[in-house]
Structures are given as C-alpha cells and as structure tokens.
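See below for the structure under consideration.
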Amino acid sequence: MRHDLLAFVGGGNMASAIIGGLVAAGRPGGSILVIDPGEAQRSKLAAELGVRTQAAADAALAQAAVVVWAVKPQLFQDAAAPCATHVRGALQFSVMAGIRSDAIVRATGSARVVRSMPNTPALIGQGIAGLYAREAVSADERRAAEALLAPTGRTLWVAREEDLDAVTALSGSGPAYVFYFVEAMMQAAQQMGLSAEQGKQLALATFAGATALAQTSSEPPDVLRERVTSKGGTTYAALTSMEASGVKAAFVKAIAAAQQRARELGDEFGR
C-alpha cells in the first residue's frame, strides 16, 4: 500500500536514529525503504532494523507517501536527480542543513515540503528538532511529520523558514556548546587536583540536574541562577569573573556566528 511505505534517501546517523526510533515504537522495518550507495550502511540497517534497502533510486520510490531527505547538503542535487520522477506525489521531509524548501520543490516537483533541523541527542531519543512547513502541507501532514520525529525527542514549529537558521545555531549546534563547557570543567577539575574522570562525572551530573530543574521549575533561568548566587559566595565569584571576561557576550556572539554560517550554507547549497 502506498501509504504504508516510508522512504529515506540517505541512511546515515540521523536517518538511522529516526528509523531506529520508529522501529522501536512498532513500525515494521519492511515498511521502510532506505536508498544509500554505501553497501556497509545498507547491510547494517537491513540486519539491525529489518528495513528494505537499495543502492539507487527506482520506481519503488513511487510507492512512498513520505520521502525523507537525509543526505549531505552538497550531495542533494545529485541524489535528487534520479528520484525526481518517482517522488512528485509524496510529502518531502528534509533533515538536511542548508537546503531550502524552494530547492527541494524544484528538485522533486512537490510543493509539499517540511524542513527539519534535529540535533544529535536524537540518537538517544533526547533530541529537539525545529520544523517548518510550506503552505501546501496539510494539517494531517504536519502531524505525520511530528510523528516521524516523535521517537527522537521533541519538536518545535517555526513560522518562517529563515528561523531554521536560528534553530540551527541554538539547538542544532548546541550540543557542541555543552560539550565545550564540559571540557572546560574537566580542565578546571584537573587544575584543582581532581582527575579528569571526576571532573567529567561532576560536570555531566551538574548539567543534567540543572537542566532537569529548569525544565520542571515554573521560574525562569535568571531567577534560578540568582537563587544559587549568594553575594560574596563562591558562585558569585565565578559569575563575576565570567562577566568581567565577557563570557556571556562572547557566547551570544558565537551563536550569531553559527546563524550567519547557516545562512551562508543555504546560499551555497540551498538555492
């Protein structure tokens, strides 16, 4: 049946995370088709998740109600060319950074396009993805897009496609920012006489606990921060030092740089 088939063009990490989540949630692997030129990746997906795989696109794609584009941005045009005649009737769902919906419409012949910007915690079901839908996408198709990503974590819709550049800068690249701060805390731990492993345990538990507290609290992060910060105390000393070094301003500037680079990638690959 047409509406039973879900096709992926590209079978890398993000595609694997989505497929793994769907299969774990009960979707039959046989209802998923993955097109990927890499023999090793095809074999792995088929063996671990029971999906159907092909090295190249053919008429089987015409049976898909949804086509998920999960190739590297610079490979999209080449990947789309052999698919175009088979996918015009499908909802196009993209997890590619930088490829704008206009380019997907031109490449596929379908105006029904949803773009998504997930992040790597999707690999363990703890991700968050920004979503944008073109006007031609129906309410049912928007719900289908949400269901597609549900096993990987949370979703957040944006009204303007350009807002996905901000999503990319904040959450798409965001896990690296957390890892960066964890590295800094591990370095500080060693300088203070603890081991790197002790620093890692303390840093990760602190990030996880603070995030969980912020998620469950009705109070905004600035109030939660103030409650930990007694004037003249240790936290006050640390935050005063960060402010004097311009850490917050530098961090905001860095996120703006990521947003600008997302725009540039769109200009380079996505038009």
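The values are calculated or read from the model by the stated rules, or taken from the named source; none is laboratory data. Note that the structure is predicted; figures quoted are calculated from it, not measured. With ideal geometry, Cβ positions are generated from the backbone for all residues, glycine too; neighbour counts draw on all protein chains shown.
Here are the numbers for the structure shown:
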| item | result |
| --- | --- |
| Filter result for the condition that a residue is closer than 20 Å to residue 142 by Cβ, touching a strand residue (DSSP E or B) at 6+ places or on another chain (Cβ under 6 Å) and outside any strand (DSSP E or B), over 104, 18, 99 | 104 |
| Qualifying residue in the stretch 169-191 (condition: part of a helix (DSSP H, G or I), at pLDDT 95 or above, touching a Phe, Trp or Tyr at 6+ places or on another chain (Cβ under 8 Å) and of a type in the set (Val, Ile, Thr)) | yes |
| Pair list, Cβ < 8 Å and 6+ apart or interchain, from the stretch 23-36 residues that are in the same structural domain as residue 69 (by TED's automatic domain parsing) and farther than 16 Å from residue 13 by Cβ to residues that are of a type in the set (Asp, Glu) and at pLDDT below 95 | 31/4 |
| Answer residue from the stretch 1-12, given it is of a type outside the set (Asp, Glu) and either touching a helix residue (DSSP H, G or I) at 6+ places or on another chain (Cβ under 6 Å) or more than 23 Å from residue 58 (Cα to Cα) (or both) and is surrounded by the fewest Cβ atoms within 10 Å (Cβ to Cβ) among those | 2 |
| Failed item, numbered, when residue 215 is tested on (1) in contact (Cβ under 8 Å) with a residue 12 or more places away in the chain; (2) out of contact with any helix residue (DSSP H, G or I) (no Cβ under 7 Å at 6 or more places or on another chain); (3) under 24 Å from residue 123 (Cα atoms) | (1) |
| Yes/no for residue 202 being of a type in the set (A, V, I, L, M, F, W, C) and under 25 Å from residue 265 (Cβ atoms) | no |
| Tabulated pairs, the stretch 221-236, first without any contact (Cβ under 8 Å) to a residue 40 or more places away in the chain and assigned by TED's automatic domain parsing to the domain that holds residue 206, second β-branched (Val, Ile, Thr) and part of a loop (DSSP other than H, G, I, E, B), C-beta under 6 angstrom, 6+ apart or interchain | 235/229; 236/229 |
| Selection count where residues are over 21 Å from residue 6 (Cα atoms), part of a strand (DSSP E or B) and touching a residue at least 40 places away in the same chain (Cβ under 8 Å), scope the stretch 128-164 | 1 |
